[in-house]
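Everything on this sheet refers to the single structure shown next.
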Amino acid sequence: MNALHITGLTKSFSKFSLENINLELPQGYIMGLVGKNGAGKTTLFKTIMNHLLKDDGEIQIYGYDHQTDEAQAKSRIAYLSEDPMGMGEISLKTQKEAFASVYPDWDETKFQLLLSRFNLDQKAKTKTLSKGMKVKFGIALALSHNAKLILLDEPAAGLDPVARNEVMGLLQEELQDESKSILFSTHVTSDLDGIADYLTIIDQGQILMSENREIISDNWRILKLEDLPTGISSQDVVQGIIPTSFGYSLLTSDITKLRERIPADTQAEIPNYADIMIHMVKGE
Amino acid sequence: MFEIMKRDWILIRHKYLFLLPILSMSLVLLFPKADEGYFVIGAPVVFTFSVFVFIQDDTSLRQLLSMPFSRAGIARARFLSGWAFMGAGMVYIVVLGFGLGLIYPEALKAFIQHLDLKTLFTYLWVLSGITLIAYPVLFMFLGKGVQALIAFALGLNVLFGVYFLMRFNATGPDIFEVLKSLIISLQAYHTSPLNYLTSALTLLILNGINLKLCEWIFLKKEF
């Protein structure tokens, strides 16, 4: 079953639009949504959450439409936005009390464990927290009500490397429960290494690719070429070509289809997530 | 819906509740003889409390929109929270009126004179009149935080500006006189059980229409 299923999603503003977004996140997996600042990551999250109203398309969460079955759909979601906390004068304890009051499955033991793990004092007021501490508190809230789909918009932003590592580890721990799924956005591809099962790249409001890690590892390659074979750039499996000091670096999504068109001794490497993003966003 | 109201209450009780005794005490002290001015000034004061329910922190509203509620449910809860808060304000003023009566017996006598069903209905009509205009405006500004307050302040300034300009040129009505005569008419209407029933039904229908309008505005909003 798909935790998240998006088809033909369109949302237009005067100077920016999400165009024909199609996305599937199967249950039990982590998907990393990568894109430059302003690529459309936050707009996509806000549209999924119905904070922004879509122009066209369908969004389903565990089979529930995000507008017609809004309450059902959202009861399965934990969402951490870019700016997770407000109400600066109110203590974390009160914030938690208000938050927990609407979730029947609230897990107080887990929440307390996360607070002590993150070293957060419940008596502290939100305005006294650093950005990183706010994110940690937001994550503690988001993970304590047993949501099935966890949506995190730039959860690692504002965190130091140690905290970043801690948060990423925590997300992996969450996936021990195979009924849960996570979609998180970042503009730092290293956040995804070793954690994301799916990589999705968004640029200028369009999904450039969305692929499983195993398929990337089996089929995707970066080829180092001195010259470009005639007509190769028009092949649909060529995802991006970047000129380099030695010639060209070419990213393909299916090496088997290009074997006969390239020299036999061509160097072919499995791309990391940064390679894929650079070739697809910057490449021709 | 009641879960939303409960959540609102948890957040608001720490933030704004201290204003309630201050404002209501000023009200009772200002109008110990409790004539029609009690409605003219009192209703907006009590209404102000309900505004605090609406204009919460932007992030708090976005958090609410991320919780397991439909937009229509949130709109209904906001509407009813406003009325519930106004109701709480009215009860508080009554309690405080009795409390102050221990110190100012004359004020208590005047206060008790107005504690009847006729007064309650008049009060509900005045508050409904305010909310018919103000709630849709507040729904339009929901989630805009400080901008909403500025817009409200500007709007009020313009209204008062126009009003005083008209009064200065003696072309407009004295709004307080108009309000007073409206209130007197309302009180005079509530004499028979049938009139009370008609009044209650009309209030329900008016507020129902207002609620639907607010829901419609909220469903069209983006955050």
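The values are calculated or read from the model by the stated rules, or taken from the named source; none is laboratory data. The shown structure was predicted, so the numbers you read here are calculated from the model rather than taken from an experiment. All Cβ positions, glycine included, derive from the backbone under ideal geometry; neighbour counts span all protein chains shown. Areas reflect the complete protein model, heavy atoms only, side chains present, ligands, DNA and RNA absent. Shrake-Rupley method; radii C 1.70, N 1.55, O 1.52, S 1.80 Å.
Solvent-accessible surface (1.4 Å probe) assigned to A:S249 amounts to roughly 10 Å². A viscosity of 1.002 mPa s and a temperature of 20 °C, combined with the Kirkwood radius over C-alpha pairs in the Stokes-Einstein formula, give the stretch A:31-83 a diffusion coefficient of 179 µm²/s. In the complete set of protein chains, residue-level accessible area for B:W9 is approximately 110 Å², probe 1.4 angstrom. Nonpolar atom fraction for the stretch A:133-284, defined as the carbon and sulfur part of the 1.4 Å probe accessible area, stands at 44 percent.
Can you give the angle from 0 to 90° between the axis of helix A:108-117 and the longest principal axis of chain A, with both taken from C-alpha atoms, to the nearest 10? Between helix and principal axis, roughly 70 degrees. The residues A:D227, A:D193, sorted by heavy-atom accessible surface at 1.4 Å with ligands and nucleic acids left out, run A:D227, A:D193 from largest to smallest. In the protein assembly as shown the Cα-Cα distances spread across 10 Å bins starting at 0 as 3, 16, 22, 20, 14, 11, 7, 3, 2, 1, 0 percent of all pairs. Chain B contacts chain A over a buried accessible area of about 2400 Å², both sides summed; the probe is 1.4 Å and only protein chains count.
Ranked from largest to smallest solvent-accessible area, with a 1.4 Å probe on the protein heavy atoms, B:M1, A:M280, A:M31 come out as B:M1, A:M280, A:M31.
In the context of the full set of protein chains, residues of the stretch A:58-149 present 41 Å² of accessible surface per residue (probe radius 1.4 Å, heavy atoms only). With Cα atoms as the point set, the radius of gyration and Dmax of chain A evaluate to 20.8, 67 Å. The average projected area of the stretch A:231-278, computed from the convex hull of its Cα atoms over all directions, is 3.6 nm².
Per residue in the stretch B:65-89, which ones lose no less than 20 Å² of accessible surface when going from chain alone to all protein chains (1.4 Å probe)? In the stretch B:65-89, residues shielded by partner chains: B:L65, B:S66, B:M67, B:P68, B:F69, B:S70, B:R71. In chain A, the longest principal axis of the Cα atoms and the axis of helix A:161-174 are about 80 degrees apart. Under the simplified labelling scheme, the B:I150-A:D160 pair shows an inter-label distance of 3.7 nm, with each label point 7 Å from Cα along Cα→Cβ. Note on A:K136: lysines with a C-alpha under 22 Å away, same-chain residues under 8 apart excluded, are A:K41, A:K46, A:K74, A:K93, A:K96, A:K110, A:K123, A:K125, A:K127, A:K148, A:K180.
Between B:D116 and A:N22, the modelled label-to-label distance comes to 7.4 nm, taking each label 7 Å out from Cα in the direction of the beta carbon.
For the Cα trace of the stretch A:1-74, dividing Rg by the Kirkwood Rh returns an Rg/Rh value of 0.95. Averaged over peptide A:99-110, the number of partner chain Cβ atoms lying within 10 Å of each residue's Cβ comes to 2. Figure note: A:D191, B:D174, A:D218 ranked by solvent-accessible area, largest first, 1.4 Å probe, ligands and nucleic acids not counted: A:D218, B:D174, A:D191.
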